[in-house]
Amino acid sequence: MDILLNPGPVNISERVRKSLLRPDICHREPEFIDLQNSVRQKILDIYSLELDWAAVLMTGSGTSAVEAMLTSMVSDNDHVLILENGVYGERMTRICEIHEITHTVLHHDWECGIDLTMLEDRLKQDISHIALVHHETTTGRLNDISKISALAHQHNVSLLLDAVSSFGAEEIRFADWNISACAATANKCLHGVPGISFAIVNREAIQQANKTNTLYLDLKTYLHQQDQGGTPFTQSIQVLYALDEALEEHSESGGWQSRRDDYRQKMQLLNSRLASLNFIPLIDPNETSCVLVTYLLPIKTDYQEFHDFLKENGFVIYSGQGELATKVFRLSLMGAVSNADIERLIDRIVEFINK
Ligand SMILES: *Cc1c(COP(=O)(O)O)cnc(C)c1O
């Protein structure tokens with residue numbers, strides 16, 4: 001099987017794979033509700049969240065949870081400030097346009113961190129929420145939420161966080177950061193399979209939100225029915241089996257801190273090997289997540305050739321998006337990837353360079 005170095009879906013463990021074979025069940029029967037309750041609780045447990053928070057599960061990829069969060073957490077008179085420094089921030093703007101959510105955009109080039117002076121200036125407007133990406137997978141940048149939320153706090157603004165590619169492996173300080181809701185998915189740092197995503201919502205914040213202009217994506221409907229031991233629509237049951245098992249594995253191995261340590265250790269190995277081959281990272285390694293790193297393609301290297309050579313040797317790497325497509329490549333360390341896999345990858349890269 002190929003080693004997947006793309007940012008999700010990830011290589012799953014044998015244990016998670018086996019869980020996909022559990023019995024067929026009906027989503028209106030108690031055994032499904034037990035499964036749903038188990039997953040909802042385990043998600044909250046990762047960040048030791050209490051009863052003022054709820055995990056809301058839905059069938060769909062990560063974007064569905066982000067779209068559900070933006071459409072379910074705001075009211076008619078709210079004004080969302082969107083911070084863009086990559087594809088996923090820009091996607092949140094698109095969602096707000098489509099759903100006619102009142103918003104302002106603070107745009108940055110993809111290589112840049114969030115400009116706090118500009119942010120402070122924009123917050124002088126009447127802003128209710130900041131929508132932003134925690135780990136911007138476009139570049140691997142981990143946005144500095146502590147600093148951003150400190151400014152948000154001063155203006156009584158809460159955060160809507162896309163944590164799709166950080167949840168379960170990076171620190172998320174729900175209360176300190178004044179988070180209203182955060183969106184995530186089964187198949188990235190949690191090592192499940194694709195098909196289920198979720199939002200963690202602050203119960204008080206979702207109760208205050210009064211705008212509803214979507215049927216399938218309305219988190220209030222999901223929350224209400226899931227709290228009552230139900231589900232509004234058919235959930236992806238086998239995917240929930242896998243997520244339940246992946247969450248168990250996550251917890252047994254020591255939670256988000258251990259997952260971060262594990263990714264960091266592998267990242268260090270990868271970065272030191274690539275540095276010795278004179279590869280240059282796109283952004284400052286101190287500002288990069290533990291999950292994914294972007295490197296400049298060596299001069300005269302064609303991405304497709306590089307990709308295809310590694311694919312023939314069992315490694316799937318990931319291209320850049322937009323303008324970066326011909327300039328960079330990305331490597332993600334989510335999923336069942338070992339140090340030995342990284343060493344083998346480096347050997348193949350050396351082989352490619354010397355061809
Ligand atoms: C992967 C990802 C998403 C969602 O992508 P899907 O393809 O819908 O799962 C959203 N935001 C970020 C930051 C991501 O990395």
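Within the stretch 55-68, identify whether any single residue is outside any helix (DSSP H, G or I) and out of contact with any Phe, Trp or Tyr (no Cβ under 9 Å at 6 or more places or on another chain), and answer yes or no.
Checked the stretch 55-68: at least one residue is outside any helix (DSSP H, G or I) and out of contact with any Phe, Trp or Tyr (no Cβ under 9 Å at 6 or more places or on another chain).
Picking from Ser165, Ser236, which residue would you name as being over 19 Å from the mean Cα position of the chain (by Cα) and within 16 Å of the ligand (Cβ to nearest atom)?
Being over 19 Å from the mean Cα position of the chain (by Cα) and within 16 Å of the ligand (Cβ to nearest atom) holds for just one of Ser165, Ser236, which is Ser236.
Any residue in the stretch 261-287 that's more than 27 Å from Glu323 (Cα to Cα): show its pairings with residues that are open to solvent by 30 Å² or more (accessible area, probe 1.4 Å) at Cβ separation under 9 Å, as long as the two are six or more apart or on different chains.
Sorted first by the residue in the stretch 261-287, then by its partner, the pairs are Asp261/Gly254; Asp262/Ser253; Asp262/Gly254; Gln265/Asn339; Lys266/Ser338; Lys266/Asn339; Leu269/Asn339; Leu269/Glu343.
Can you report the number of residues in the stretch 101-123 which are part of a loop (DSSP other than H, G, I, E, B) and in contact (Cβ under 8 Å) with a residue 12 or more places away in the chain?
Of the residues in that region, 10 qualify.
Report every pair of residues separated by at least 6 positions or lying on different chains whose Cβ atoms are under 6 Å apart, first residue within the stretch 312-326 and touching a residue at least 40 places away in the same chain (Cβ under 8 Å), second in a strand (DSSP E or B) and open to solvent by 40 Å² or more (accessible area, probe 1.4 Å).
Qualifying pairs under 6 Å: Val316/Leu4.
Among the listed residues Val157, Val201, identify the single one that is away from the ligand (no atom under 16 Å from the Cβ), within 14 Å of Ile43 (Cβ to Cβ) and either open to solvent by less than 10 Å² (accessible area, probe 1.4 Å) or in contact (Cβ under 8 Å) with a residue 24 or more places away in the chain (or both).
Sole residue among the options that is away from the ligand (no atom under 16 Å from the Cβ), within 14 Å of Ile43 (Cβ to Cβ) and either open to solvent by less than 10 Å² (accessible area, probe 1.4 Å) or in contact (Cβ under 8 Å) with a residue 24 or more places away in the chain (or both): Val201.
Does Arg91 satisfy being in contact with a strand residue (DSSP E or B) (Cβ under 9 Å, 6 or more places away or on another chain), in contact (Cβ under 8 Å) with a residue 24 or more places away in the chain, over 23 Å from Phe167 (Cα atoms) and buried (at least 16 other Cβ atoms within 10 Å of the Cβ)?
No, not satisfied.
Scan the stretch 168-193 residue by residue and report those that are buried (at least 22 other Cβ atoms within 10 Å of the Cβ), farther than 17 Å from Leu4 by Cβ and within 12 Å of the ligand (Cβ to nearest atom).
Cys182, Ala183, Ala184
The values are calculated or read from the model by the stated rules, or taken from the named source; none is laboratory data. Since the model is a prediction, treat every value here as computed from it, not as a measurement. Cβ atoms come from the backbone with ideal geometry, glycine included; neighbour counts cover every protein chain shown. Side chains are part of the model used for accessible areas, which takes the heavy atoms of the whole protein and leaves out ligands, DNA and RNA. Shrake-Rupley method; radii C 1.70, N 1.55, O 1.52, S 1.80 Å.
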